[in-house]
Amino acid sequence: MTTKQVSDIVRLGPVIPVLAFDSAEQGENVSRALYAGGVKVLEITLRTEAGLKAIERASQLAPDIVVGVGTLIQPRQCALAKKAGAQFGVSPGLTKEMHQAALDAGLPLLPGVMTPTDIITALELGYEIVKFFPAQPAGGVPMLQAFHGPFPALKFCPTGGITAELAPHFLSLPNVVCVGGSWLTPKAMVAAENWDEITRLARAATELAAPGH
Ligand code: 3PG
């Protein structure tokens, strides 16, 4: 496995599913269904106990699958996730400690921002791509358009509150490289083990295009 930069990873999108699993087995099944629909990059969050095991199992599904760890809220989680097989990390925010822990673990980080001050901190630490979270509640498309003025070179992966209907609007912005969301894996569909339908949602998502691609 070669180490990829965040800039390479986000371009494998345009949609990165944000996932939380009840068990490692569920993680493996859902990841397989998403991969069958053409999704090559996914984010498995540490919101559940099963997160690390699911990362381990999903990472082994295919040589070209890129599994990231999501909801990094404690610096020490970076090394644990890297050990489990995560190839990148996503955090809802950014601190210097998280930045350093990701660097130390060799985990490319997509840090979260919501305000201009967050953005300036991210720029100071050298980030060129950030997650905009929670995208829809924090201002959605107009907010990203407003960020483009003062921060023209910065690219965003908006996440939070994005739906299949909203995704194309975000993806049409020049400063958006990909979007993240949980709409590819509705809870009821996962509970019903409706893998075919998840594959169908994944395929529809991979057919969306971002201008940054
Ligand atoms: C995230 O962590 O990025 C979001 O919780 C995903 O948001 P969604 O569930 O609203 O798509």
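Taken together, the values in this text are just the output of simple stated rules run on the coordinates, not laboratory data. Not measured: the values here are computed from a predicted model. Virtual Cβ from ideal backbone geometry, glycine too; neighbours counted across all protein chains shown.
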Matching residues in segment 163-186 - criterion: being within 18 Å of T71 (Cα to Cα) and outside any loop (DSSP other than H, G, I, E, B):
V179, G180, G181
Of all residues in segment 113-130 being more than 22 Å from I9 (Cβ to Cβ) and not acidic (D, E), which is farthest from the ligand (Cβ to nearest atom)?
I120
Condition first: in a helix (DSSP H, G or I) and either surrounded by fewer than 19 Cβ atoms within 10 Å (Cβ to Cβ) or within 15 Å of the ligand (Cβ to nearest atom) (or both). Can you find one or more residues in segment 131-141 that meet it?
yes
Hey, among the residues in segment 192-213 that are part of a helix (DSSP H, G or I) and more than 16 Å from the ligand (Cβ to nearest atom), which one's surrounded by the fewest Cβ atoms within 10 Å (Cβ to Cβ)?
D196
Strands (runs of 3 or more DSSP E) fully within segment 31-127 counting 3 or more residues that are aliphatic (A, V, I, L, M):
41-45, 66-70
Can you tell me which residue within segment 142-162, out of those that are touching a strand residue (DSSP E or B) at 6+ places or on another chain (Cβ under 7 Å) and part of a loop (DSSP other than H, G, I, E, B), is nearest to the ligand (Cβ to nearest atom)?
I162
Identify the residue in segment 83-103 that is out of contact with any strand residue (DSSP E or B) (no Cβ under 8 Å at 6 or more places or on another chain) and touching a residue at least 24 places away in the same chain (Cβ under 8 Å) and, among all such residues, is farthest from A24 (Cα to Cα).
K96
Candidates L61, L19, L52, L72, filtered to the one that is touching a residue at least 24 places away in the same chain (Cβ under 8 Å), closer than 20 Å to A164 by Cβ, among the hydrophobic types (A, V, I, L, M, F, W, C) and in contact with a helix residue (DSSP H, G or I) (Cβ under 7 Å, 6 or more places away or on another chain)
L19
Inside segment 168-177, can you point out the residues that are more than 14 Å from P134 (Cα to Cα) and either of a type in the set (S, T, N, Q) or within 13 Å of the ligand (Cβ to nearest atom) (or both)?
S172, N175
